[in-house]
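To keep things clear, I will list the structure first and then write my remarks on it.
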């Protein structure tokens, strides 16, 4: 297994820690002369290395933790308290045993020395932890590169700690070295105490907590410093002048840093709230801009927006109105009743005309026993939610205090509203495209129904040439035709146009087909059949739908045609080169269910002469539109018929469709086209009889 | 396509709806809104002026069918006036003249209401 560099470093650190403790033990407990300069120096170097190794280990652990400033400060306080307890205990034990004065530690027993050793190491570790936390704090949110200052300070702290050996009485000839270093260190500590920019990023609550903790740290550091400077700790000084001085220095550093921190935080407190709000505002705005790109239901979006508007604009209440009809009740409300919001809407929107185009900031006065007055909204801001210069709604925010928005709040409110407009527009577009897709699927179903209803084959009649043509529109138009064999041997057929389009028309069509198919077996009379159909439709046709239809029956001998027309377009008859409109009376199916329908319905009977041509059609033909939205018209249809009067039924039908296609080339086909042509053949019957006679 | 419009004007106690443009499946809901507005205002005497209406589809006709019974049930009516020949032709083919009162001028439609209330 290969060790990674980090793992090696980790093991080295552990080894240094172990070796440091071992070395220290040897120096402390071997019978060396503790008064020698080099022994003391070596002991101190070892101690400082040990402290450094420990600090590195603390750093390792710290990397895994969440380095929140308030937590770091808490660790610093804890370290200070540990040092305080140690110093207190040490002072107690020493004064209890009466050991004090120079060289006394050497003379005390092994137990005392072990105790001192433990106390010294723990103090070292506490001070190490303190220092690591402090350095983390120092580098928190620093933009400038301050490493040099910090490293210089660290260097001087270590040097000053090491030079503490000159403080001992036996070496005080060189104390000036120590003093010089000490002064330098203090200067550097002071400089580095100004690095507290991180407190700006704390919220108000955290700042308050920080104030308390820094007071704690200052108090404990001061006590520690006073105690270390006093006479009680000469023994500690003797154990390790370096630890002693290190303890003093970090106490000074603690007092300086946290003293400065305390006052700065104190001065930051009044602005903390503003800072908090700005931070919230920005994060709400960011959250919202992410929302824009998510596919949200418009209702859901409005709710979220109303909620966020409170934070972004620092308002007490917020609500939205959206939709084409802007007088409708608010769609999403926060901290306000719909009724009150409605009332404020009508006051504001009403006063400035129906649809104000710009943003309104106002301090409305709601008077009397009004609910709006009861809730005391003293400031209201309204902004239209525009997209493509069309107003899709309004965002309202209101405050209960009479405190208008300042320029920054205004810009936050306006930016937020504009984001919201885009988001709403997006969600509407999505909803629309889903609806469109649904309609298209529905149309597919309608087309399928219609396709199945139209007969696949035409009946064969000896003397009649028949042609039927059906061209569906994109939106199923409701056209339908069918043939039946009637009970008396006659051939019946129907052409119908159901009002409306799409799936509802397709269903009615299916029903009509069933009704005609059933009734055609029960009655031979077209009029009777139409009246009964109308009766049956009463049960299923809603008030705004109707059906126009023509029902014909052709006699078995194919020399007579009987027909009724229920509101349908006229039937055209081509006879001897001229076209005539045949229009028996009759109102549309579903327009009236009383006597009137029957009494208006006129059944006519016409002779089918040789070469007579009957043309049945729906309004898809006469109302076919060109690019200028002009109708194809009845007279154009008649002209074509006359022009092609000699053509067989099928060819004539094709000619008509051709002309319509030419006419409406630039336009789309709006309605179904149904065209049925029947032509009485010439002399065919006689021929048949003649042949039969042979 | 000519923009559809349906505007209400009040003449005495008769509401006149003036139509213009194309009345088809897409614009019919707007005419329905107009009629619903009259219902909420409890106005049941309606004269529709077709002078500027260029086209009416079956969905447009359906709107009148949907409301006429309500109007008549409340003692009112919908009277149709001033239709262009092509529009009248559509009403005529369907048999509307048997079911609705159709007048050549708006004035006659309004007068008819006033006559019946005098009786």
Suppose we keep only residues that are in contact with a strand residue (DSSP E or B) (Cβ under 9 Å, 6 or more places away or on another chain), within 14 Å of another protein chain (Cβ to nearest Cβ) and part of a helix (DSSP H, G or I) within segment A:475-528. Which one would you say is surrounded by the fewest Cβ atoms within 10 Å (Cβ to Cβ)? A:504
Just one listed residue, out of A:351, A:376, is assigned by TED's automatic domain parsing to the domain that holds residue A:413, within 27 Å of residue A:276 (Cβ to Cβ) and at pLDDT below 85, and it is A:376
Restricting attention to segment B:6-18, does a residue exist that is surrounded by 15 or more Cβ atoms within 10 Å (Cβ to Cβ), under 14 Å from the mean Cα position of the chain (by Cα) and within 14 Å of chain A (Cβ to nearest Cβ)? no
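Results for (1) facing chain A (nearest Cβ under 9 Å); (2) touching a helix residue (DSSP H, G or I) at 6+ places or on another chain (Cβ under 7 Å), shown as yes or no for each residue.
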site	(1), (2)
B:21	no, no
B:34	no, no
B:49	no, yes
B:52	no, no
B:73	no, no
B:85	no, no
B:96	yes, no
B:104	no, no
Within segment A:635-644, restricting to residues that are free of Cβ contacts under 8 Å to residues at least 60 places away in the same chain and part of a helix (DSSP H, G or I), the one that is farthest from the other protein chains (Cβ to nearest Cβ) is A:643
Check off (1) assigned by TED's automatic domain parsing to the domain that holds residue A:558; (2) farther than 21 Å from residue A:497 by Cβ; (3) in contact (Cβ under 8 Å) with a residue 40 or more places away in the chain for residue A:627 and give me the number that stays unchecked. (1)
Between a first residue in segment A:660-683 that is over 17 Å from residue A:465 (Cα atoms) and a second residue that is part of a helix (DSSP H, G or I), which pairs have beta carbons less than 6 Å apart while being 6 or more apart in sequence or on different chains? A:671/A:620; A:672/A:620; A:673/A:620; A:673/A:621
Within segment A:180-234, can you find the residues that are buried (at least 16 other Cβ atoms within 10 Å of the Cβ) and assigned to a loop (DSSP other than H, G, I, E, B)? A:193, A:195, A:196, A:202
How many of the residues making up segment A:452-466 are out of contact with any helix residue (DSSP H, G or I) (no Cβ under 6 Å at 6 or more places or on another chain) and either in contact (Cβ under 8 Å) with a residue 12 or more places away in the chain or assigned to a strand (DSSP E or B) (or both)? 8
Please specify each residue of segment A:567-599 satisfying the condition of being part of a strand (DSSP E or B) and away from chain B (no Cβ under 14 Å). A:573, A:574, A:575, A:578, A:579, A:580
Can you tell me which of (1) touching a helix residue (DSSP H, G or I) at 6+ places or on another chain (Cβ under 7 Å); (2) touching a residue at least 40 places away in the same chain (Cβ under 8 Å); (3) more than 14 Å from chain B (Cβ to nearest Cβ) is the one residue A:545 doesn't meet? (3)
Considering (1) over 60 Å from the mean Cα position of the chain (by Cα); (2) within 14 Å of chain B (Cβ to nearest Cβ), say which one residue A:627 fails and leave the rest. (1)
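The values are calculated or read from the model by the stated rules, or taken from the named source; none is laboratory data. Note that the structure is predicted; figures quoted are calculated from it, not measured. Here Cβ is always computed from backbone atoms with ideal geometry, including for glycine, and neighbour counts include all displayed protein chains.
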